[in-house]
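Please read the structure below before turning to the comments.
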Amino acid sequence: MEPFWETEYLNIDRSTFGEPSKEVVDILPFLKKDAKILDVGCGDGRHSVYLAEMGFEVDTFDISENAIKKINQLKQKYNLNINVVRCDVFGFDFKHRYDLVIIHGVLQFVEREKQSEMIHLLQKWTAKGGYHIIALFTDAEPVPKDLKDVMVGVFKEGEIKDYYSNWDIKMFEIKKFKDEHENGVKHCHAMNKIVAMKIEE
Ligand SMILES: C[S@@+](CC[C@H](N)C(=O)[O-])C[C@H]1O[C@@H](n2cnc3c(N)ncnc32)[C@H](O)[C@@H]1O
């Protein structure tokens, strides 16, 4: 079954996942004006579009054709400084290191055996003093039935912290919330969020 967001991405007038998340808004004062930003699995761009509107140049990618089409339409409509490509992290052409990498609501859709390589690759391409902002779903709640085919990589509670043991963890949060997808499927999500700064090579 196609994930619900694919049809949502066809609507240019509405952000599928709403407003930018608080931790992305909160990090802005800590970024230099010319900070290099990467939005991994950008969806229809609630973070990329917001950051571009705030004056940053943003690199971004997603595997969804509909997402890329929509970002390109938004780019044109609002004249935004966003470089967008359709690929996954292993196909992305890294040209420099980033000051901020956002991986919001993506890692649970990546197969378990690829997650470690993906996170380490993104860490490698992060500048010293740069940040990672991650939100992911854990196995503390069952996978919603409409996402069973795609949500193949749910994390264990707190597991993401192990990847950042030699980073400065600025924030770690465990939360649960009720959700209803646009297709009417009601469920509960268990989420872990982490904000961490790279302190050594
Ligand atoms: C729940 S949406 C979140 C979108 C966005 N990050 C946000 O917070 O609004 C998940 C997105 O991850 C993308 N995605 C899933 N697996 C991916 C992968 N391996 N590489 C890049 N994008 C991926 C999907 O296409 C989808 O657009």
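Over the stretch 34-173, Cα pairs under 8 Å with separation of 6+ residues give a relative contact order of 22 percent.
Sorted on the mean count of surrounding Cβ atoms within 10 Å across their residues, most packed first, peptides 131-138, 54-61 read 131-138, 54-61.
Residues in the stretch 4-11 carry Karplus couplings, in order, of 4, 5, 4, 6, 4, 5, 6, 9 Hz; the curve used is 6.51 cos²θ - 1.76 cosθ + 1.60 with θ = phi - 60°, and Gly or Pro positions show x.
Along the axis of the charge dipole computed for the chain (Cβ charges of +1 for Lys and Arg, -1 for Asp and Glu, origin at the Cα centre), the listed residues Leu28, Tyr50, Val195 are led at the positive end by Leu28. Taking the Cα centre of the chain as reference, the dipole from Cβ charges on Lys and Arg (+1) and Asp and Glu (-1) amounts to some 420 debye. Placing +1 on the Cβ of every Lys and Arg and -1 on the Cβ of every Asp and Glu, with nothing else charged, gives the stretch 95-150 a dipole about its Cα centre of roughly 360 debye. Computed on the Cα atoms alone, the convex hull of the chain gives a volume of 113 cubic angstrom per residue. Take the convex hull of the alpha carbons in the stretch 85-201; its mean projected area over all directions comes to 7.7 nm².
Note: relative contact order over the stretch 56-119, using C-alpha pairs below 8 Å and six or more positions apart, is 33 percent.
Each reported figure results from applying straightforward, stated rules to the coordinates on display, with no laboratory input. Predicted model only: the values in this text are computed from it and were never measured. Ideal geometry is used to build each Cβ from the backbone, glycine not excepted, and the neighbour counts take in all protein chains shown.
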